[in-house]
Each structure stands twice: as structure tokens, then as C-alpha cells.
Amino acid sequence: HPLFGIKRINITPTSKKIQGPKSFCEVEAAEALLGHLDRSVRMQLQGDVPAGALLSGGLDSSLVVALMSRHSDRPVPTFSVGFQGGGHYDERPHARRIARQFGTEHVEAEVAPDLSELLPELARTFDEPFGDSSAIPTYLVARTASRRVKVVLSGTGSDELLGGYRRHVAGPALRWLRRFPAPALRAASRLLSLFPASRTSVLGERTLLARRLVDAARERDGRAYLHMITFLDERTLGR
């Protein structure tokens, strides 16, 4: 895990000016990025109240916790939630591993939310249209943390900054699939529809991803990307 080598990297912000993409190597880029992250986390901890962290166990939130532990003279409060029957989506085992690694005061909760009550509450909280399903666990873990601390740090936003979503790397796959004629893509789409696709298992999620890629390859330009990020497509809606 790259995180566990963080103490072996010099994270002092570099004084060199970066002139362009060819003026520094990968190691220098990593040091510069970690330096900025380290300074940002340190600044966020200069508050009037102790800060905690929302910990999923992924690289982003784990890195934040690692840096918080470096600059805190007490165990960092960390928080995570899991859903009953969450299967491979339950991130609590990963969060526990990071909590043990950095000696945090870890709090986790298992929730079974009533969406009929939670969704109106979410709508009031966001006060604007918000189509990301991650709002549900984020809201629940923040509510859990609010019983202990008033300020939390998280790894939210790094996927957008560093291109970490699968849709960001779908371009080469789409270009490869578009080498096939339209009838072949339609046949592949029908074949994939025979397999169960869901987000409750690794196989089901891969089938869902493959189906989305094939269907997106049949689109052009912006509509292909729109298809990749659509949560409920026309097939699911029954149109």
C-alpha cells in the first residue's frame, strides 16, 4: 500500500518552480503533491476545536488520516459507517486496518437507513439537485461524527483532481470497441443483458460496467460520456 511508505518520503514542499510537464520526474511530482497535501492538512488543524476524519480505508481518506496523525499530539478521531448486507461494498475492514496503523480513536456504525425518511432530509440539507448516491453514506457518517467532533477532514475531491474514476479511463476502451461494426455492438449488448448486472457483487458490477461500455460505444461524442455517468438509463427506467 503506497500509504504505508509515506514516512520514507520527503514531504517538504519543493522550492523549485515547476516549468512544465518535462521539468520534473515522477518522484519529484509525488514529493511536490505530498508537500502541498501536508501543508493543507496542517493548516486545517489550526482551529479552535479538535478535528476528526471520515475514514473509508481508501487511499484518499487514509492519506489524510496519516498526515493528521503526523501533526497531532493525540489520537485522531476517525469515523466510518457500513450497511447491513453491504458485501464487498462494506469498507469498514479497510478503515479498521488504517485506524490500527495510525492508532486513531476509531468509531464505526452499522446502519440500515429508511430511505423514505432520509431522502427528504437529504434534499433539505443540500437544498439543490444532487444525483450522487454517495450522499447517503456521507451524510450518515457525518451524522455519526457530529456526536463527537464539529470539524472533520475527508478525502472527497481527490478523484476529480487526479482522474481516479473509471469513466476517466474509459476513452481507450471506447475507441477499441468502436472498431467493431454497429451490428456487432448491438449483439454484444443483447448478450450482456442476459447476465445479472448489479452493484452487490464483483461479477455483477463488472457485467454492469461492460454493458455500459458497449452501450456507450454505440453513442458518439458527449452522449457517450453522458451514458457513462448516467445512474438510471432509459433501459432501467423502462422507456
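The values are calculated or read from the model by the stated rules, or taken from the named source; none is laboratory data. Computed from a prediction, not measured in an experiment: that's the story for all the values here. Here the Cβ positions follow ideal geometry from the backbone for every residue, glycine too, while neighbour counts run over all protein chains shown. Areas reflect the complete protein model, heavy atoms only, side chains present, ligands, DNA and RNA absent. Shrake-Rupley method; radii C 1.70, N 1.55, O 1.52, S 1.80 Å.
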From phi via Karplus (6.51, -1.76, 1.60), per-residue ³J(HN,Hα) for the stretch 132-138 in Hz, x at Gly/Pro = 8, 5, 5, 4, 5, x, 5
Percent relative contact order for the stretch 79-143, counting Cα pairs under 8 Å at least six residues apart, stands at 38 percent
With a 1.4 Å probe and every protein chain kept in, tell me what percent of the accessible surface of the stretch 97-239 is carbon plus sulfur.
-> 56 percent
Karplus-derived 3J(HN,Hα), 6.51/-1.76/1.60, for each residue of the stretch 212-219, Hz, glycine and proline x = 5, 5, 5, 5, 5, 5, 7, 9
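Where only protein heavy atoms count, and the probe is 1.4 Å, what is the accessible area per residue for the stretch 124-191 in Å²?
I get 71 Å² per residue for this part.
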With every protein chain left in place, what is the accessible area per residue of the stretch 25-79 in square angstrom, probe 1.4 Å?
-> 51 Å²
Which whole-angstrom value gives the distance between the alpha carbon centres of the stretch 107-144 and the stretch 30-87?
-> 21 Å
Which cross-chain or sequence-distant (5 or more) residues have an amide H under 5 Å from the amide H of T78, H modelled 1.01 Å from N in plane?
-> A53, E105, H106, V107
Output ³J(HN,Hα) for the stretch 143-159: one whole-Hz value per residue in order, computed from phi by the Karplus curve 6.51 cos²θ - 1.76 cosθ + 1.60 with θ = phi - 60°, and x for Gly and Pro.
-> 5, 5, 5, 5, 6, 10, 10, 10, 10, 9, 9, 8, x, 4, x, 6, 4
Hull surface divided by four, with the convex hull built on the Cα atoms of the stretch 99-239: how many nm²?
-> 12.1 nm²
Tell me the label-point distance for the pair A142, R167, using the 7 Å Cα-to-Cβ offset, in nm and rounded to one decimal.
-> 2.1 nm
Its Cα gyration tensor gives the stretch 160-227 an equivalent ellipsoid whose semi-axes in whole Å, largest first, are 19, 18, 9
Sort the following peptides by mean Cβ neighbour count (other Cβ atoms within 10 Å, averaged over residues), highest first: 54-65, 106-117.
-> 54-65, 106-117
With 5 Å bins from zero, work out the P(r) of the stretch 43-151 over every alpha carbon pair and list the percent per bin.
-> 2, 11, 22, 21, 19, 13, 8, 3, 0
